[in-house]
Amino acid sequence: MELGGFVRSALSDGRFGGELVLGPIASVTVRADPDALARALGNLVENALVHGPAGSPVTVSVAREGARAIITVSDAGPGPDPGDQAQLFERFWRGSEAAGRPGSGLGLSIVAAIATQLGGRVTVSGSAFTIELPAIAGVLGR
C-alpha cells in the first residue's frame, strides 16, 4: 500500500471534526491491513483533537527514514506528561488531565497493538505520536 495516498484518503472523508493539516507527505510503500492502519491513524487523530489545545490544528505527515515508513500525528500542545510515558499505551489508562474528556483509555493501546501487529511500533515525543512501520525494500520515497 502506498502510505501517502492512503493517509490523504483516510483524512479526507470528513469524519474528524477539527482542523486537520497535511504536513509533508512522502511516497513510501508498506505491507499493512488498510482497516487496521486506518483505525490506528484515526485513534491518533482523535486523541490529538481531544487532548490538544482547543481550536488548534492537528498535523499529519508521512516520511521515509531508511527502511522505516513514518506516520506522525501532532498537535500544538505540550503532549502527555513525560512521567506518564511508561503507562501511556496501557489498556484503560488515562492521565489525570483526561478527566472530563471523552475516551475510555483504549485508543493508544489499540494503536500500539496495531503497530506491533504490522511489524512496527508507536512512539511519542512531546505532542507528536509516531507510527513506524517497515517500508518495502526497493521502493523509494520521493
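The values are calculated or read from the model by the stated rules, or taken from the named source; none is laboratory data. This is a predicted model, so every value here is computed, not measured. Heads up, the Cβs are rebuilt from the backbone with ideal geometry, glycines too, and the neighbour counts pull from every protein chain shown. The area values use the complete protein model at the heavy-atom level, side chains included, leaving out ligands, DNA and RNA. Shrake-Rupley method; radii C 1.70, N 1.55, O 1.52, S 1.80 Å.
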Among residues of the stretch 80-113, those that are modelled with pLDDT of 85 or more and out of contact with any Leu (no Cβ under 7 Å at 6 or more places or on another chain), counted: 4
Filter result (β-branched (Val, Ile, Thr) and either open to solvent by less than 40 Å² (accessible area, probe 1.4 Å) or under 9 Å from the mean Cα position of the chain (by Cα) (or both)) within the stretch 41-65: Val45, Val58, Val60, Val62
Leading residue by the ranking (most open to solvent (accessible area, probe 1.4 Å)) among those in the stretch 110-123 that are of a type in the set (Gly, Ala, Ser) and within 12 Å of the chain's Cα centre (by Cα): Ala112
Pairs, first closer than 15 Å to Asn43 by Cα and surrounded by 12 or more Cβ atoms within 10 Å (Cβ to Cβ) in the stretch 8-21, second among the small types (Gly, Ala, Ser) and modelled with pLDDT of 80 or more, C-beta under 6 Å, six or more apart: Ala10/Ala38
Matching residues in the stretch 126-142 - criterion: being modelled with pLDDT of 95 or more and surrounded by fewer than 17 Cβ atoms within 10 Å (Cβ to Cβ): Ala128, Pro134
Residues being open to solvent by less than 30 Å² (accessible area, probe 1.4 Å), part of a loop (DSSP other than H, G, I, E, B) and out of contact with any Asp or Glu (no Cβ under 7 Å at 6 or more places or on another chain) - total across the stretch 24-40: 3
Residues within the stretch 66-81 that are hydrophobic (A, V, I, L, M, F, W, C) and either under 14 Å from the mean Cα position of the chain (by Cα) or under 15 Å from Val7 (Cβ atoms) (or both), tallied: 4
